[in-house]
There are 2 protein chains.
Amino acid sequence: MSEAKATAPADNVIDCKAFAAGIRARVAAQVAALKPQGLTPGLAVVLVGEDPASQVYVRNKGKLTREAGMRSEEIRLPADTPEADLIAAVETLNADPGIHGILVQMPLPGHIDEQRVLACIDPVKDVDGLSVVNAGRLVAGEDGMVPCTPLGCLMLLKDRLGDLTGKRALVLGRSLLVGKPMAQLLLAENCTVTVAHSRTRELAEECRRADILVVAVGRPEMVRGDWVKPGATVIDVGINRIPGENGKNRLVGDVCFAEAAKVAGAITPVPGGVGLMTIACLLVNTVTAACRQAGLAPPEV
Amino acid sequence: MSEAKATAPADNVIDCKAFAAGIRARVAAQVAALKPQGLTPGLAVVLVGEDPASQVYVRNKGKLTREAGMRSEEIRLPADTPEADLIAAVETLNADPGIHGILVQMPLPGHIDEQRVLACIDPVKDVDGLSVVNAGRLVAGEDGMVPCTPLGCLMLLKDRLGDLTGKRALVLGRSLLVGKPMAQLLLAENCTVTVAHSRTRELAEECRRADILVVAVGRPEMVRGDWVKPGATVIDVGINRIPGENGKNRLVGDVCFAEAAKVAGAITPVPGGVGLMTIACLLVNTVTAACRQAGLAPPEV
């Protein structure tokens, strides 16, 4: 069994790395096409404090933004920055015509109210799609910014399955970041959508009915192989660090991959799965935002 | 069978008339308690044109608002009112400290963009809960205004069933007015929520799994008796006018009442059902809005 891991992934394992690279290449081509029209999409990432994981994310976002030919700006503020100063920095970016997307890296230090900061980002520049206005636009079917992770999951699903009309989708988890927007997106694609969560009864049975199973609960390997309908498409949004056999930690998803991969028609791995889509979709959203702000039709997502 | 109709309703038929009257009485008591604090909730209803049904609704809303002890204002504008004038009227009401709730009666004449008008209502005064901001607040779990019809349905369900945690709810219909906010409300009550619609496969089977079935599709008697799980609670939001046996029209819901009432644990009738809850909830929302605007804690809904 362990030798198999060294070979090419089984063809039911979705190659998120290649798919994300393809999206980034497409974004780069779109950006190149916008430049002659005088538009260079610009993304600003605001980082407060020195959290090591956040520093890695922010560096990575900046690198990929520049690789796509876009303008990247990083605003680093000390951990003790007062909320008012952070909001003032956001408002400066709101007013900057060269910045089309603003991302405030979460989590913020405890003395800052995250929702209050998010609410200050101009909704058309809110490329993370986390503000209340963009949540409402998604429900209303209006043009807004869609949170990056569920947008990435939807792109994977449409790539794998084509038209999703009539499929039974189960979203496990009801967060504002993933579960709720994911459910709205699948509903807009004409799926029959169920949202399940920690209070759901007969959860395994609910999962087993789904043609599409999206899991975002933050509980390591909770979804077992026999929870998966044979042939279903499984999207695992979880990334959990658990103790490994050799004393080192290892990363696992919310789905027991070894079991589920034997049953699923298609499945995303962890690591190297949905996480890679998130930054790619941030670039997609930045191009969309830039086009809208310039009065141009955004490219097809 | 027909004699039975003249007697008291079977005890699985939810008495919406009595329940709505109870809510209105509670609202009246709340309003009476607010007056010594110097607060009289005020509701303004804006009617554009002469649509006969809308005139009946508006008159009825005004009457019940006054009966609850609140201030009622009716603004009537001619059918050819330019959109800008309607928006100016809304903005005058936004600025009026004696008006806490604003309802623009739909439908509006064809030359007016309904979404644009709704977007101009101050979200804290949007007692119909139809603006994008309030849709977002509902998803985000923030204090907002919840659309009256789904709020009324939820009140009926909680009154009948108590705690809804873990129940399987199916919402048939995905409108912004009913289906989508209903799904959000049931999710917030810890139901496992499925949204089904015209593109759902095996719809009857999906319905039969539900402990709670809320139907809002606008198709007369579409849901048959054998679509209902024995003992389920059925909330019929539809009101359809169909030709009756004697040449007159009659009103029916989206559920075939005669069949479903034999199976359901509880069911709302049409007419005399959910429709009665909508105005009662408009009064509830107006009191909630008035308290928030005055910096007081709104009474329990």
(request) Could you tell me which of the residues B:Val263, B:Val301 is modelled with pLDDT of 95 or more and assigned to a loop (DSSP other than H, G, I, E, B)? (result) B:Val263
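Only one of B:Asp226, B:Asp211, B:Asp236 is surrounded by 24 or more Cβ atoms within 10 Å (Cβ to Cβ) and among the acidic types (Asp, Glu); which?
Being surrounded by 24 or more Cβ atoms within 10 Å (Cβ to Cβ) and among the acidic types (Asp, Glu) holds for just one of B:Asp226, B:Asp211, B:Asp236, which is B:Asp236.
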(request) Show the residue pairs that are 6+ apart or on different chains and have beta-carbon atoms under 6 Å apart, the first residue being within the stretch B:204-218 and among the β-branched types (Val, Ile, Thr), the second being in a loop (DSSP other than H, G, I, E, B). (result) B:Ile212/B:Lys167; B:Val215/B:Asp254; B:Val217/B:Gly173; B:Val217/B:Asp254
(message) Can you find, within the stretch A:150-162, the residue that is nearest to the chain's Cα centre (by Cα) among those that are more than 21 Å from B:Lys180 (Cβ to Cβ) and open to solvent by 10 Å² or more (accessible area, probe 1.4 Å)?
(response) A:Met155
(message) Every residue in the stretch B:168-177 that is over 17 Å from A:Lys180 (Cα atoms) and part of a loop (DSSP other than H, G, I, E, B), please.
(response) B:Gly173, B:Leu177
(message) For a quick check of your reading of the model, give me the residue pairs whose first member lies in the stretch B:163-176 and is closer than 18 Å to A:Leu172 by Cα and open to solvent by 30 Å² or more (accessible area, probe 1.4 Å), whose second is not polar (S, T, N, Q) and not in a loop (DSSP other than H, G, I, E, B), with beta-carbon atoms closer than 8 Å and at least 6 apart or on different chains.
(response) B:Lys167/B:Leu161; B:Lys167/B:Ile212; B:Arg168/B:Ile212
(message) Out of the residues in the stretch A:139-149 meeting the condition of being in a loop (DSSP other than H, G, I, E, B) and more than 10 Å from chain B (Cβ to nearest Cβ), tell me which one is surrounded by the fewest Cβ atoms within 10 Å (Cβ to Cβ).
(response) A:Asp143
(request) Determine, yes or no, whether A:Ile242 is part of a strand (DSSP E or B) and surrounded by fewer than 20 Cβ atoms within 10 Å (Cβ to Cβ). (result) yes
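Here is a yes/no grid of residues against (1) within 19 Å of A:Gly179 (Cβ to Cβ); (2) among the hydrophobic types (A, V, I, L, M, F, W, C); (3) modelled with pLDDT of 95 or more; (4) surrounded by 17 or more Cβ atoms within 10 Å (Cβ to Cβ):
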| residue | (1), (2), (3), (4) |
| --- | --- |
| A:Glu67 | no, no, yes, no |
| A:Arg71 | no, no, yes, yes |
| A:Ile99 | no, yes, yes, yes |
| A:Lys125 | no, no, yes, yes |
| A:Arg137 | yes, no, yes, yes |
(request) Considering each residue of the stretch B:255-269, count those that are surrounded by fewer than 23 Cβ atoms within 10 Å (Cβ to Cβ) and within 24 Å of B:Ala21 (Cα to Cα), and give that number. (result) 5
(message) Against the conditions (1) within 14 Å of chain B (Cβ to nearest Cβ); (2) buried (at least 20 other Cβ atoms within 10 Å of the Cβ), where does A:Glu114 fall short? Just the number, please.
(response) (2)
(request) Test each condition in (1) within 14 Å of chain B (Cβ to nearest Cβ); (2) at pLDDT 95 or above; (3) open to solvent by 10 Å² or more (accessible area, probe 1.4 Å) for A:Leu108 and report the one that comes out false. (result) (1)
(request) Evaluate the stretch B:225-235: report whether one residue or more is in contact (Cβ under 8 Å) with a residue 40 or more places away in the chain and within 11 Å of B:Leu172 (Cβ to Cβ). (result) yes
(message) Residue under question is B:Gly152, and the condition is that it be in a helix (DSSP H, G or I), at pLDDT 95 or above, within 10 Å of chain A (Cβ to nearest Cβ) and touching a Ser or Thr at 6+ places or on another chain (Cβ under 8 Å); does it hold?
(response) no
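Condition check ((1) in contact (Cβ under 8 Å) with a residue 12 or more places away in the chain; (2) crowded, with 20+ Cβ neighbours inside 10 Å; (3) touching a helix residue (DSSP H, G or I) at 6+ places or on another chain (Cβ under 9 Å); (4) not in a helix (DSSP H, G or I)) across all residues:
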position	(1), (2), (3), (4)
A:Leu251	yes, no, no, yes
A:Thr286	yes, yes, yes, no
A:Ala290	yes, yes, yes, no
A:Ala297	no, no, yes, yes
(request) Name every residue in the stretch A:190-207 that is within 7 Å of chain B (Cβ to nearest Cβ) and closer than 14 Å to B:Leu187 by Cα, in order of residue number. (result) A:Val193, A:Thr194, A:Val195, A:Ala196, A:Arg199, A:Thr200, A:Arg201
(message) Just to be sure I understand the filter: pairs with C-beta atoms under 6 Å, separated by 6 or more residues or on different chains, first member in the stretch A:60-80 and in contact (Cβ under 8 Å) with a residue 12 or more places away in the chain, second member among the small types (Gly, Ala, Ser) and assigned to a strand (DSSP E or B). Which pairs pass?
(response) A:Gly62/A:Ser72; A:Thr65/A:Ser72; A:Arg71/A:Gly42; A:Glu73/A:Ala44
(message) Any residue at all in the stretch A:8-21 that's part of a strand (DSSP E or B) and open to solvent by 20 Å² or more (accessible area, probe 1.4 Å)?
(response) yes
(request) Only one of these is under 30 Å from A:Ile267 (Cα atoms), within 20 Å of the chain's Cα centre (by Cα) and at pLDDT below 95: A:Ala25, A:Ala53, A:Ala8. Name it. (result) A:Ala53
(message) The conditions are (1) facing chain A (nearest Cβ under 10 Å); (2) part of a helix (DSSP H, G or I), and B:Thr165 fails exactly one of them. Which is it?
(response) (2)
(request) Please state which one of A:Leu186, A:Leu157 is away from chain B (no Cβ under 14 Å), in contact with a strand residue (DSSP E or B) (Cβ under 8 Å, 6 or more places away or on another chain) and hydrophobic (A, V, I, L, M, F, W, C). (result) A:Leu157
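The values are calculated or read from the model by the stated rules, or taken from the named source; none is laboratory data. Keep in mind that what you see is a predicted model, and the values were worked out from it rather than measured. No Cβ is skipped: glycine too gets one built from the backbone with ideal geometry, and neighbour counts run over all protein chains shown. The area values use the complete protein model at the heavy-atom level, side chains included, leaving out ligands, DNA and RNA. Shrake-Rupley method; radii C 1.70, N 1.55, O 1.52, S 1.80 Å.
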